[in-house]
1. Just a yes or no: is a residue in segment 82-94 at pLDDT 50 or above, part of a strand (DSSP E or B) and surrounded by fewer than 22 Cβ atoms within 10 Å (Cβ to Cβ)?
2. Can you say whether Gly70 is buried (at least 23 other Cβ atoms within 10 Å of the Cβ), touching a helix residue (DSSP H, G or I) at 6+ places or on another chain (Cβ under 8 Å), farther than 30 Å from Gly243 by Cα and small (Gly, Ala, Ser), as far as the supplied structure shows?
3. Name the residue, out of Ala22, Ala14, Ala42, that is part of a helix (DSSP H, G or I) and modelled with pLDDT under 85.
4. Might you let me know whether segment 49-60 holds any residue that is among the basic types (Lys, Arg), in contact with a Phe, Trp or Tyr (Cβ under 7 Å, 6 or more places away or on another chain) and assigned by TED's automatic domain parsing to the domain that holds Phe148?
5. Could you please find all residues in segment 169-197 being hydrophobic (A, V, I, L, M, F, W, C) and either within 21 Å of Ala215 (Cα to Cα) or not in a helix (DSSP H, G or I) (or both)?
6. Do you know which residues across segment 202-220 are surrounded by 14 or more Cβ atoms within 10 Å (Cβ to Cβ) and either closer than 22 Å to Thr166 by Cβ or not assigned by TED's automatic domain parsing to the domain that holds Ile168 (or both)?
7. Going through segment 202-216 one residue at a time, which ones are within 21 Å of Gly230 (Cβ to Cβ) and either at pLDDT 95 or above or not in a helix (DSSP H, G or I) (or both)?
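The values are calculated or read from the model by the stated rules, or taken from the named source; none is laboratory data. A quick note: this is a predicted structure, and the numbers were derived from the prediction, not measured. Cβ placement follows ideal geometry from the backbone for every residue including glycine, while neighbour counts extend to all protein chains displayed.
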Amino acid sequence: MRKTRIAGVIAGIAMTALALTACNSGSPTSPGGESEGDGGDALWEVATDVSLDGSPTFERMTGRDGVIVGVKNDQPGLGYEDAATGERTGFDVDIARWIAASLGFSEDQITYQTIPSANREQEIVNGNIDYYVGTYSITDSRKELIDFAGPYFITGQGLLVAADNTDIEGPDDLAGKIVCSVTGSTPLQRIRDEYSPGDTVEYDTYSQCIDQLLAGSVDAITTDQAILAGYVAQQPDELKIAGEVFSEERYGVGLEKGDTALLDHINALFTDGGDVWQALFDEHLAPAGITGEQPAVD
């Protein structure tokens, strides 16, 4: 029998303006700014007495006394790493922290690994990371190799263009245009399969696509609109979203295939933790104009 004790959520948190500490050496902070260990109420507390019988991933975590999480580092509002300080912030990063805390691991026991989109499944299969949280769309082809907990967020594919662009208002306007995305992403494959761009180029990261767009080397960037909104929030005078979403992308937590104990634990965390989810959404995504609500897990 799998036994867990997930620490309680502070009352009324969804209505509180949060300031979450989001660095490798810090801890989640309370609405009052006090971190765990400082005597304040934390957004979440590190669980104790957790036992996930039959979970090879949890056994690996406890054996090394730490968690290795795969994340992104160039997606503002979702998964971002400050190049100067190493501080990691974003909705996905805090989802990863929340999961780790529910498993009994504090912030200083988490190691973050930046994994390009094309390498995610292999890193999970090889056991190089314990789980992956980084705008990871649940697809049938990926589920042949790994399992997904969630979904914990739903968005859709969109287009990012220069703020002064008047030619592109949606994917049907891409004829003769150069579109950029990242290698191994579902948006890149969809734009090739279902629409008719003049050409596509691909890089390891979306920040490289941003550089190309600002330089005028590509006409548009395509990925999930939640990702694009973060870039617009950073440079509103230079960038804008063109048109509406044209797909549904369901973000999940990538796990080792067959680890049902860990999958069930994370799904229970999402199901029971709506106040935490809402607080993280309000902190990281709502300011960029993103709307949405917590989806039910599969």
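1. Scanning segment 82-94, I find at least one residue that is at pLDDT 50 or above, part of a strand (DSSP E or B) and surrounded by fewer than 22 Cβ atoms within 10 Å (Cβ to Cβ), so the answer is yes.
2. In short, yes.
3. On inspection, the qualifying residue turns out to be Ala14.
4. The answer is no, given that none of the residues of segment 49-60 is among the basic types (Lys, Arg), in contact with a Phe, Trp or Tyr (Cβ under 7 Å, 6 or more places away or on another chain) and assigned by TED's automatic domain parsing to the domain that holds Phe148.
5. Within segment 169-197, Leu174, Ala175, Ile178, Val179, Cys180, Val182, Leu188 qualify.
6. Of everything in segment 202-220, those that are surrounded by 14 or more Cβ atoms within 10 Å (Cβ to Cβ) and either closer than 22 Å to Thr166 by Cβ or not assigned by TED's automatic domain parsing to the domain that holds Ile168 (or both) turn out to be Cys209, Ile210, Gln212, Leu213, Val218, Asp219, Ala220.
7. Matches in segment 202-216: Glu202, Tyr203, Asp204, Thr205, Gln208, Cys209, Ile210, Asp211, Gln212, Leu213, Leu214, Ala215.
Quick grid of which residues meet (1) assigned by TED's automatic domain parsing to the domain that holds Asp167; (2) without any contact (Cβ under 8 Å) to a residue 24 or more places away in the chain; (3) in a helix (DSSP H, G or I); (4) of a type in the set (Val, Ile, Thr):
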| position | (1), (2), (3), (4) |
| --- | --- |
| Thr222 | yes, no, no, yes |
| Tyr231 | yes, no, yes, no |
| Val253 | no, no, no, yes |
| Leu263 | no, no, yes, no |
| Leu269 | no, no, yes, no |
| Asp275 | no, no, yes, no |
| Gln278 | no, no, yes, no |
